[in-house]
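Data block below; observations after.
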Amino acid sequence: MKITITKDLDKAQDVLFLGLFEEDKDNGKSFSKELAEEVEEAMNRKAFSRKFGEMYSTKLSSHSYKKVVVMGLGEKKDLNAEKIRQALGKMVTCAKGRSFSSFTTNVVEKARDAASHESLGRAAAEGLLLSNYNFSKYLAKEKQEKKKPLDAVSLQWSSSATELSEGLKVGRIITEATNMVRDLVNEPANVVTSEYMEKMAKQVASEYNSVKLKVLNKAELEKEGMGSLLGVNAGSKNPPKLLILEYTGSKKGKHTALLGKGITFDSGGYNLKPTKYIEDMKTDMAGAAAVMAAVKIAAELKLKKNLLGVMPMCENMVDATAQHPGDIVKAFNGKTIEIGNTDAEGRLVLCDALAYTEAKYAPEVMIDFATLTGACVVALGYYAAGVMGTNAELLKKLEEAGNHSGDRVWQLPFFEEYQDWMDGTISDLNNVSQKGKGYEAGSITAGVFLSKFVEKAKWAHVDIAGSAYWCVDGPYLTKGATGSGVRMLAYYLMENQEKE
Ligand code: BES
Ligand code: MG
Ligand code: ZN
């Protein structure tokens, strides 16, 4: 989608979306008297109210547009960057649904006092490009045609556009990487294997001189003693891999390590998932994909920061060679783990990745992203990821980045009382809680397990089980993969660069 900025509304586009605040008295009169009359009449009929996001499709015909739609923007004081994402997302969905190919709108201009012009530009690009995304490659041509993305959008902006353009540029980079994640997560598990992810990581490394890829294959994983990770892959015909992207963007500063759960399919193993729970488990590598995207964004934006993108890739399958419930494995750091449940596999691959990363690179910060627990979907649903950890300052920064980007995180309490709930009885740890009924605070106890594999680094764990894959449409994200974590991380990394 081409995004342009024009001083006035752009008459060359198919549709005009005209935003109106509740307090806008003229009802669009500055555009045309005819429009104002129609809007007033619609308001009297209660067919339109100017509440945020409400649309009214006019009958207007005496002008250059194929369609003129009025959109309520609510009260001016409530407009912010997230609402701009939402408003533009709704416009894209509406125009796409009616097979138009372009539109122009005044909403960004209407928001000029709502946020910095750069952040408005970012939000505009995100709203437009996230909602223009389709995963339609497996549909017949005619059906693909119906979901055809828009070609062009023109944003009205009446003053200097330097900052707005810069924001649009950054927003596009962030969104394109997010949409790459959505593709990777939407692709089925017979396509996205550990080897496929390795190919993608290679591509990122070959695109930027500042990025290098290190791959640990099965033999090296065995040599390093990552018994926990290897146990998860034991039933799969696809090889396990630990992919490590390293981005160098600063001459000083220790690494920030980003780690992502990379289970290309989670059948549950011998604790097999039932129907209704197993079908979407191709999405269980969303954390790894988000981490790959974050490294790509950092390289593209040349962020002053040194990063690691660590992706433990496995497949959790059932086979004669698969691990049994009750098996005991030994992790990289020497701790023994009893497999209380083969379906709690995410923590088993991440714990080795965390311990290995800290031992080899001594990063200052480690943040992991994982579709880790069904409990997190129950607790928070789709609209925020769960976050927990041991460093209050890091958690606050992630929360802020989440709020600014619209890719939110919500803190779960990492209470002292839970810190021994993952202790084992005949081993150091069990991969499922042995206290109480076993399922209480499932997201927190999973985090507790991971925390036992971090020693010095400032660490946060982000559970994206609910936010990574939606079963409903939103204003600018649609059913399916969302790229959860990417925007939050991008905003966090931009705000926390090294001061050189
Ligand atoms: N990948 C799942 C978690 C998940 C559930 C992600 C729903 C996305 C949507 C994870 O590996 C898992 O199976 N967790 C178990 C842990 C339990 C056995 C302690 C769960 O949440 O049921
Ligand atoms: Mg599982
Ligand atoms: Zn899983």
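The values are calculated or read from the model by the stated rules, or taken from the named source; none is laboratory data. These figures come from a predicted structure and were not determined experimentally. Counting neighbours? That spans all protein chains shown, and the Cβs are built from the backbone with ideal geometry, glycine included. With ligands, DNA and RNA removed, areas are computed over all heavy atoms of the protein, side chains included. Shrake-Rupley method; radii C 1.70, N 1.55, O 1.52, S 1.80 Å.
Let a ≥ b ≥ c be the square roots of the eigenvalues of the Cα gyration tensor of segment 176-495; is it rounded (a/c under 1.5), or, if not, prolate (a/b larger than b/c) or oblate?
Details: a/c = 1.27, a/b = 1.22, b/c = 1.03.
The shape class here is rounded.
Rounded, prolate or oblate: which fits segment 128-283, taking a ≥ b ≥ c as square roots of the Cα gyration tensor eigenvalues, rounded meaning a/c under 1.5, else prolate when a/b beats b/c? Judged from the Cα gyration tensor, segment 128-283 comes out oblate (a/c at least 1.5, b/c at or above a/b).
When the accessible area of the chain is computed with all protein chains present and a 1.4 Å probe, what percentage of it is carbon and sulfur?
Of the solvent-accessible surface of the chain, carbon and sulfur hold 51 percent.
In percent, rounded to a whole number, the relative contact order of the chain is 15, using alpha-carbon pairs under 8 Å and six or more apart. Measuring between alpha carbons in the structure, the pairs from LYS223/LYS456; LYS25/LYS169; LYS33/LYS110 lying more than 30 angstrom apart are LYS25/LYS169.
Converting phi to 3J(HN,Hα) with the Karplus coefficients 6.51, -1.76 and 1.60 and the offset θ = phi - 60°, segment 494-500 yields 4, 7, 10, 7, 5, 8, 9 Hz in sequence order, with x at every glycine or proline. For segment 422-500, the list of trypsin sites (Lys or Arg not before Pro) that fall in a loop by DSSP and count at most 16 other C-beta atoms within 10 angstrom reads LYS435, LYS437, LYS456, LYS479, LYS499. The length gained on full extension between SER57 and HIS324, counted as 0.36 nm times the residue separation minus their Cα-Cα distance, comes to 90.1 nm. If you average the C-alpha positions of segment 23-101 and of segment 136-152 separately, how far apart do those two centres end up, in angstrom? For segment 23-101 versus segment 136-152, the Cα centre distance is 26 Å.
Less than 5 angstrom separates the built amide H of ARG50 from those of GLY72, all sequence-distant by 5 or more or on a different chain.
When DSSP assigns beta bridges and you keep just the ones with both residues in segment 2-156, what percent turn out antiparallel, to the nearest 5? Before the final figure, lay out the partial values.
Working: 3 of 21 bridges.
In segment 2-156, approximately 15 percent of DSSP beta bridges are antiparallel ones.
For segment 378-387, putting each phi into the Karplus relation 6.51 cos²θ - 1.76 cosθ + 1.60 with θ = phi - 60° gives couplings of 5, 6, 10, x, 8, 8, 7, 8, x, 10 Hz, in residue order, rounded to whole numbers and with x for Gly and Pro. In this label model, LEU139 and SER49 are separated by 3.2 nm, measuring between points 7 Å along each Cα→Cβ vector. Amide H contacts under 5 Å for TRP459: MET366, THR390, ASN391, restricted to partners 5 or more places along the chain or on a different chain, H placed in the peptide plane at 1.01 Å from N. Across segment 452-469, computed HN-Hα scalar couplings (Karplus, 6.51 cos²θ - 1.76 cosθ + 1.60, θ = phi - 60°) run 6, 10, 10, 9, 10, 5, 6, 10, 9, 10, 10, 8, 9, 4, x, 7, 7, 8 Hz from first to last residue, x flagging Gly and Pro. Of interest is the spacing of the C-alpha centroids, which for segment 257-271 and segment 155-211 amounts to 23 Å. Based on protein heavy atoms only, segment 18-76 ends up with 53 Å² per residue of surface accessible to a 1.4 Å probe.
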